[in-house]
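A.B. asks: To start, I am sharing the structure in question, which I have written as structure tokens.
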Amino acid sequence: MHLNKTARVVIGAQFGDEGKGRLTAHHVMEIGDDAIVVRFNGGAQAGHTVVAPDGRRHVFSHVGSGALAGAATYLSRFFVANPILFLKELDLLAAQGVTPTVYVDPASPVTTPYDMMINQIVERERGADRHGSCGIGFGETLERNLDGRFALTVADLADPSMLTNRLDAIRREYAPARLARLGVAHTFEANADLFRSDAILEHYVEDARHFLDVTITTEARAAIRDRPLVFEGAQGLLLDQDRGCFPHVTRSNTGLRNVLALADELGLERLDVTYVTRAYLTRHGAGPLPRERPEKPYPGIVDTTNIPNEHQGTLRFAWLDLDLLGRAIHEDLSDAAAYPALTVNAGLAITCLDQLDGEAARYYRGGIQYRSSLETFVAAATEAVGLDRPLLGFGPSGELMPCG
């Protein structure tokens, strides 16, 4: 079996929402619909918006962002699968005439409705001290899977009897104990009708069967074969579980770390990595946001994906800090030193430049705020991160083009 030795990699350089989906679709359109998009971290909390040249628009969650262009998807063992939300996404894609081919690693952790319940209950109880969770049980899934008595992976979904028994143990034993550890033991009885509902359990077992029917469970090498590879990251470097500001992080390595492990296993020789940032900084959810502003930094900013919600609130904005951007990228690239046989080439993409709408670009460097032309801003960003010829993005469906 032949494998391509080179892969493209898309990584968000900020707090997420940088344009990773758009760049992934751009790569797929360049290399062809035989590509396969590998999801190497995160889970259903991703929201990667792609607008196809024909006007079709989709916010990708599980499915790789190259699907509108015909690419297949591989959900790696670092990806947390959520059958409930996956099936909803398939329905949305089907309405646009898209039936994606999705492969999934049998070792991929699986979210249950009880993880989602715990996540949402606890986040509500935190009140003003919320962590900024999406409320879909991503981190709770990984926490539960640390205990073998309650762990579930894609491979386990194939046995309905075993799955039913495991779900029953999760709702009766694990859930009340977990809520107690989190200091909100009283909430189990307050939500007993949900945890004890047999209808919810039985519906999930049916969703799991359907999930297996519409995906292909296989290990990475068999799924990838000789396809061109595009690794698509979720969230951003500033939310990395090891490098972000705890506890306002995602329970995931958002940068190169997982990609390097997968690339090594697959025998890849080169990774062409693009770090993506908007022309300004955003954050959806609680936690620090350097240079935060009380309002949009540019009047032309429009974001129809990150609408206000109960768990994350309203999208927040800040001026772009080029020193922070450079540090995050260089810290992430340092992980490649552990794989000397693998060549890593890095580049930068700056999106949403159209939203400056003719105004002077504003950004920080060396603690000083600058106002400059678009050309000067791009040059400063390139110098700050030490990466040549960035890709520039204008508009939700426009081409990304190299600078210079």
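What follows draws every value from the coordinates through simple rules; no lab data is involved. Treat the numbers as computed from the prediction; the structure is a model and nothing was measured. For neighbour counting, all protein chains shown are included, and Cβ atoms are generated from backbone atoms with ideal geometry for every residue, glycine included.
A.B. asks: With θ set to phi - 60°, apply the Karplus curve 6.51 cos²θ - 1.76 cosθ + 1.60 along region 274-279 and write out the HN-Hα couplings as whole Hz, x wherever there is a Gly or Pro.
C.D. replies: After applying 6.51 cos²θ - 1.76 cosθ + 1.60, I find 10, 8, 10, 9, 6, 6 Hz.
A.B. asks: Okay, next question. Can you tell me which of 8-16, 163-171, 271-279 comes out highest on packing, and rank the rest after it, using the mean Cβ neighbours within 10 Å?
C.D. replies: In decreasing order of mean packing, 8-16, 163-171, 271-279 become 8-16, 271-279, 163-171.
A.B. asks: Average the reciprocal distances over every distinct pair of alpha-carbons in the chain, invert the result, and give the Kirkwood radius in Å.
C.D. replies: After inverting the pairwise mean of 1/r, the radius is 21.8 Å.
A.B. asks: Bins of 10 Å, beginning at zero and ending with the bin holding the largest distance: percent of Cα pairs per bin for region 284-386, please.
C.D. replies: It works out to 12, 37, 33, 15, 2, in whole percents.
A.B. asks: With only Lys, Arg, Asp and Glu charged, each at its Cβ (+1 for the first two, -1 for the last two), find how big the charge dipole of the chain is about the Cα centre; round to the nearest 20 debye.
C.D. replies: Result for the chain is approximately 540 debye, rounded to the nearest 20.
A.B. asks: Also: Report the one residue of VAL102, TYR364, GLY47 whose Cα lies farthest in the direction of the positive end of the charge dipole of the chain (charges on C-beta: Lys and Arg +1, Asp and Glu -1; origin at the Cα centre).
C.D. replies: Ranked along the dipole, the leading option is TYR364.
A.B. asks: Among GLY326, THR164, PRO83, which residue has its Cα furthest toward the positive end of the charge dipole of the chain, with +1 on Lys/Arg Cβ and -1 on Asp/Glu Cβ?
C.D. replies: GLY326
A.B. asks: Quick one: grab the alpha carbon gyration tensor of region 165-304, order the square roots of its eigenvalues as a ≥ b ≥ c, and give me rounded if a/c is under 1.5, else prolate or oblate depending on whether a/b is larger than b/c.
C.D. replies: oblate
A.B. asks: Oh, and also: Quick check: convex hull over the Cα atoms of region 5-101, volume per residue in Å³, rounded to an integer?
C.D. replies: 100
A.B. asks: Angle between the Cα long axis of helix 256-266 and the longest principal axis of the chain, 0 to 90 degrees, nearest 10?
C.D. replies: Long axis of 256-266 versus the principal axis of the chain: about 70 degrees.
A.B. asks: Here's something else I'd like to know. Give me the distance between the Cα centres of region 1-67 and region 326-343, rounded to whole Å.
C.D. replies: When both Cα centres are located, 22 Å separates them.
A.B. asks: Counting residues in region 113-215 as N, plug N into 2.2 N^0.38 Å and put the Cα Rg over that result.
C.D. replies: Against the compact-globule rule of thumb, the ratio is 1.08.
A.B. asks: Angle between the Cα long axis of helix 83-94 and the longest principal axis of the chain, 0 to 90 degrees, nearest 10?
C.D. replies: Compared with the principal axis, the helix lies near 60 degrees.
A.B. asks: Give the angle, between 0 and 90 degrees and rounded to the nearest 10, that separates the Cα long axis of helix 198-214 from the longest principal axis of the Cα atoms of the chain.
C.D. replies: 50
A.B. asks: Also: In Å, what Rg and Dmax follow from the Cα atoms of region 197-269?
C.D. replies: When restricted to the Cα atoms of region 197-269, Rg and Dmax are 17.3, 51 Å.
A.B. asks: Now, a different point. What's the ranking of 213-222, 79-88, 252-261 by average number of surrounding C-beta atoms within 10 Å, highest first?
C.D. replies: 252-261, 79-88, 213-222
A.B. asks: Continuing with this model, one more query. Charges only on Cβ, +1 for Lys and Arg, -1 for Asp and Glu: so what's the dipole of region 77-169 about the Cα centre, in debye to the nearest 20?
C.D. replies: 80
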